[in-house]
Amino acid sequence: MITQRTTGRRKQAAAAAAVVAALLSTAACGSSSNNDGSKNDAAGFNAANNKVAQASLAKKGGTLKFAATQDADSWDTTRGYYGFMWNFSRYYSRTLVTGKAEPGAAGAEATADLATSTAKITDDGKTYTYTLRDGITWEDGKPITSKDVKYGIERQWAQDVLSGGPVYLKDVLDPKGEYKGPYKDKSADKLGLKAIKTPDDKTIIFKLPQANSDFEDMLAMTSAAPVRQDKDTKSKYGLKPFSSGPYKFQSYTPNKSLTLVRNPEWKASSDKNRKAYPDKITLTFFTNANDMDQRLINGDYDLDANQTGGLSPQGRTTALKQHKANLDNPVSGYIRYAVFPQSVKPFDNVHCRKAVIYGADHESLQTARGGPVAGGDIGTNMLPPSVPGAEGQKYDPYEMATTNKNGNVAKAKEELKACGKPNGFKTTIAVRNNKPVEVATAESLQASLKKVGITVEIDQFDGAQSAGIIGSPSNVKKKGYGIIIMGWGPDFPTVQGYGLPLWSSKYILESGNNNFALINDKKIDGLFDDYVKELDDAKKTEISTEINHKVMEGGYYMPFVFEKFITWRSNRLANVYTTDNYGGTYDFVNLGLKK
């Protein structure tokens, strides 16, 4: 899952310095603080971290105010791939199943939404049958049908028009790519995908060519939301999606603002997951993150929609000292890491990759990310804590959190000798220019590698152009990007939902590539094949662990941190909790305002 792509704007040092003073002068605004950082009118530090804060205080009515520095990649349910977009889209879109509206790990479990229950699974895991609820309607009052759900899913095949979103369902239901999508469909009803049957308006049946044990997790994603044919404006759909949820679009100006209002045709009796507390929901986009921080701390807005750590380092420091009761510190579910493209020499040699891992100062990298509280625990492997099979720091094959946490010059030089570069080598780190924390990470890595004879240049690129810069293997090779700094979180909390786009040879793409290391390992591919067919949860967990081990043994990645966030919630919020369904961020769908 992509937390948010970047806009290409840099945070300027002068602006940062100016806002520090502003934050310090306004730190007492909003509520009184006790010496220990607790507040009289806020929930308390970590009160919403994997548990519900102030649930009994939620009221119907009012305006919930989001702020953000980044607009969605698209508000079209087929095209959106930002984590916060998936979270926010549940206000105006529903799916057959969705994540439970519960804190922590339970939030990642599938529960019925448009359907009356989770799937009836037959045919050795190859047939999934759902029945739609009564009373589910579009914003104009017309019933949502099984054909609307099928059509919404079929739009994933229209990649020439609707690119950008996840395509798991496309790959699972049509692995040979035989269906051409609804816009090229020659059948009269444009519902020609054979793998989905709609025998009546209440029944939808999925026929998988091959069993996939995570299939229902894929149906819980926003990309499986229904779309009504007569309301499909194709590439313009993201400007005003047609609502199947409790709220509908009132207005939207890209990169400026978005306003949702109640959908009067939505029936609470048809929706067991959404409380729909506010009357109105607004989202305001800022061009300067420091301005947004100040407005959040002042109480002008309730929370950061982007949910990628929230406050800037300066604002975070002030908030921890004087507004601690408004903060939560969840494990994010994301891993931040360096990855080594094998197309760039000498990283085609595993020993040269391991030389970087041993040569790096992992404690310094953790500090660059924000330290143990705002950055996270030192990363030791590539499987996030929310994914079954994860072992956390117990699995530390390069002893990054223990013996070698400050680097091991001797081991690094052994690996350099083994890869035929006893005197070291030169390479380039690619890093997004509008992510100050990533630039700081690159500089930390540059300094520690110099000690072992590896000379590194840092090339900052426009983060908004990632797909064509680091996502293009030919460009990576041309530029000599031997190290790429990036991060990733689960699309859904399994090894398939996290690792398939990163580690499977099937996902090496000419553009928009995320398998930056260009891993083409028959053993890893085979383990993924075994995983998707396996229906026993315990065996799936074992395979997940083994995949992670194979990735780490290959030295393709150097994790920095198991990321943690410092997230802000205003004093006005009630029914607040973090959820593993969206990488440890707040679950937006049932936020309310206090009585």
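The values are calculated or read from the model by the stated rules, or taken from the named source; none is laboratory data. Predicted model only: the values in this text are computed from it and were never measured. Virtual Cβ from ideal backbone geometry, glycine too; neighbours counted across all protein chains shown. These accessible areas exclude ligands, DNA and RNA; they are computed on the full protein's heavy atoms, side chains included. Shrake-Rupley method; radii C 1.70, N 1.55, O 1.52, S 1.80 Å.
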Are any residues in segment 513-527 surrounded by 19 or more Cβ atoms within 10 Å (Cβ to Cβ) and at pLDDT 95 or above, and if so, which ones? ASN515, PHE516, ALA517, LEU518, ILE519, ILE524, LEU527
Top-ranked residue in segment 390-413 [being within 24 Å of the chain's Cα centre (by Cα) and part of a loop (DSSP other than H, G, I, E, B); ranked as surrounded by the most Cβ atoms within 10 Å (Cβ to Cβ)]: ALA390
Selected residue [among the charged types (D, E, K, R), under 21 Å from PRO384 (Cα atoms), free of Cβ contacts under 8 Å to residues at least 24 places away in the same chain and in a helix (DSSP H, G or I)] from LYS550, LYS539: LYS539
Tell me yes or no: at least one residue of segment 182-194 is modelled with pLDDT of 95 or more, surrounded by 20 or more Cβ atoms within 10 Å (Cβ to Cβ) and either among the acidic types (Asp, Glu) or not in a helix (DSSP H, G or I) (or both). yes
Residue selected from segment 183-206 under the condition in contact with a Leu (Cβ under 8 Å, 6 or more places away or on another chain) and not β-branched (Val, Ile, Thr), by the criterion nearest to LYS126 (Cα to Cα): PHE206
Kindly list, by first and then second residue, each pair from a residue in segment 340-360 that is free of Cβ contacts under 8 Å to residues at least 40 places away in the same chain to a residue that is part of a loop (DSSP other than H, G, I, E, B), limited to pairs with Cβ atoms under 8 Å and residues at least 6 apart or on different chains. ASP348/GLN342
In this structure, is ALA220 in the same structural domain as VAL167 (by the TED database), surrounded by 17 or more Cβ atoms within 10 Å (Cβ to Cβ) and hydrophobic (A, V, I, L, M, F, W, C)? yes
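Before we move on, is SER235 exposed (fewer than 15 other Cβ atoms within 10 Å of the Cβ), over 23 Å from ALA72 (Cβ atoms), of a type in the set (Gly, Ala, Ser) and in contact (Cβ under 8 Å) with a residue 60 or more places away in the chain? Don't jump to the end; show me each part of the working.
On the way: exposed (fewer than 15 other Cβ atoms within 10 Å of the Cβ): yes; over 23 Å from ALA72 (Cβ atoms): no; of a type in the set (Gly, Ala, Ser): yes; in contact (Cβ under 8 Å) with a residue 60 or more places away in the chain: yes.
Here the answer is no, as SER235 does not meet what is asked.
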Contact list, first residue from segment 366-384 and without any contact (Cβ under 8 Å) to a residue 24 or more places away in the chain, second anywhere and open to solvent by 10 Å² or more (accessible area, probe 1.4 Å) and part of a loop (DSSP other than H, G, I, E, B), beta-carbon distance below 9 Å, six or more apart or interchain, is none
Return the residues of segment 536-569 that are open to solvent by less than 10 Å² (accessible area, probe 1.4 Å) and touching a Phe, Trp or Tyr at 6+ places or on another chain (Cβ under 8 Å); say none if nothing qualifies. SER544, ILE547, ASN548, VAL551, MET552, GLY555, TYR557, MET558, PRO559, PHE560, THR567, ARG569
Output for segment 500-536, where each listed residue is of a type in the set (Phe, Trp, Tyr) and outside any helix (DSSP H, G or I): PHE516
If SER223 satisfies every condition in (1) closer than 30 Å to GLU534 by Cβ; (2) under 24 Å from the mean Cα position of the chain (by Cα); (3) assigned to a strand (DSSP E or B) but one, which is the exception? (3)
Of all residues in segment 473-512, count the ones that are modelled with pLDDT under 95 and surrounded by fewer than 19 Cβ atoms within 10 Å (Cβ to Cβ). 7
Charged (D, E, K, R), outside the structural domain of LEU169 (by the TED database) and in contact with a Pro (Cβ under 7 Å, 6 or more places away or on another chain): does that describe ASP537? no
